[in-house]
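Structure first, then comments.
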Amino acid sequence: MESAVDFHFVTRLIINTVSVFVLIRCYFAFSRHRENAASFILFGVGVFLVTALLHSVTVTMGFAFGLFAVFSMLRYRTEALGIKEMTYLFLVIAMALLAAVGTMHHLELVFLNLLIIVIALVLETRVLLPRHGEKEVEYEKIENVHRSKHHELVEDLRERTGLDVFRVDVVSVSYLRDTAMLRMHFRQEARYDHP
C-alpha cells in the first residue's frame, strides 16, 4: 500500500515538474525573462510538494488554492508583475494544485497540462492574435496632435522610432509646455534571437 502511494506521489511529481518546465520554457522563449522563468519553475515545484504533504492531513482543494494564492500575492507584491507574468504564475499554481490534490487519473492530468501548454504556445505566436506592443512617449510637435493631422502624426512617429506604428492615442496635453503624452500602438516583429 505504501509503495503504491509512493508511486502515485512520484508519478505526479514528475508530471507536474515536466509540465511546469515546458510551460515556462514557452514563456521564456517569447519573453526572455530568465529570473521570472526560474522563479516560476521553483514556485510550481514548491507548491506541489507543500500541497501534497498538506493533503495527507486532509486539506481541501479550496483551502490549498486559497493558501497559495494568498502566499503568491504576498510574495510578489513588492515587484510589479505584468498581467502576462501573473497569468503564468496562476497557471503554474493551478497545475501544481491539480497534480497534488486532484482526483483525476495520470493520463487525464497529462492531457489537461498538455492542453494548457498548447493554448499558451498558440497565444504566444501570431496564429490567433497579432503581436502588438504599446509605448508612451512625450511628443513636442503639438500641432500634429490635432485630429485632422493624424496621418502626419503617425508618419512622424514611425520615422522617429523606426516602429510600425498603426494607432496613436492622446493620453494628455500640456499647453504650458507645448507637449503631449501619446500612447503608440505598433506591430512587433517576430523574434529570432533564440540561442
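The values are calculated or read from the model by the stated rules, or taken from the named source; none is laboratory data. All values reported here derive from a predicted model rather than from experimental measurement. FYI the Cβ positions are ideal-geometry reconstructions off the backbone, even for glycines, and counts take in every protein chain you see. Heads up: the accessible areas ignore ligands, DNA and RNA and are worked out on the full protein's heavy atoms, side chains in. Shrake-Rupley method; radii C 1.70, N 1.55, O 1.52, S 1.80 Å.
Residue-by-condition table, conditions (1) at pLDDT below 90; (2) of a type in the set (Lys, Arg); (3) closer than 30 Å to Leu23 by Cα:
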| position | (1), (2), (3) |
| --- | --- |
| Ala99 | no, no, yes |
| Thr103 | yes, no, yes |
| Leu107 | no, no, yes |
| Leu121 | yes, no, yes |
| Leu129 | yes, no, yes |
| Arg147 | yes, yes, no |
| His150 | yes, no, no |
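When you go through (1) more than 16 Å from Lys84 (Cβ to Cβ); (2) open to solvent by less than 90 Å² (accessible area, probe 1.4 Å); (3) assigned to a helix (DSSP H, G or I); (4) out of contact with any Gly (no Cβ under 8 Å at 6 or more places or on another chain) one by one for Ala120, which number turns out not to apply?
Condition not satisfied by Ala120: (1).
Looking at Leu89, is it modelled with pLDDT under 90 and either farther than 15 Å from Phe21 by Cβ or under 13 Å from the mean Cα position of the chain (by Cα) (or both)?
Spelling it out, Leu89 is indeed modelled with pLDDT under 90 and either farther than 15 Å from Phe21 by Cβ or under 13 Å from the mean Cα position of the chain (by Cα) (or both).
Restricting to region 148-191, give me the number of residues that are surrounded by 15 or more Cβ atoms within 10 Å (Cβ to Cβ), in a helix (DSSP H, G or I) and not charged (D, E, K, R).
Counting residues in region 148-191 that are surrounded by 15 or more Cβ atoms within 10 Å (Cβ to Cβ), in a helix (DSSP H, G or I) and not charged (D, E, K, R) gives 3.
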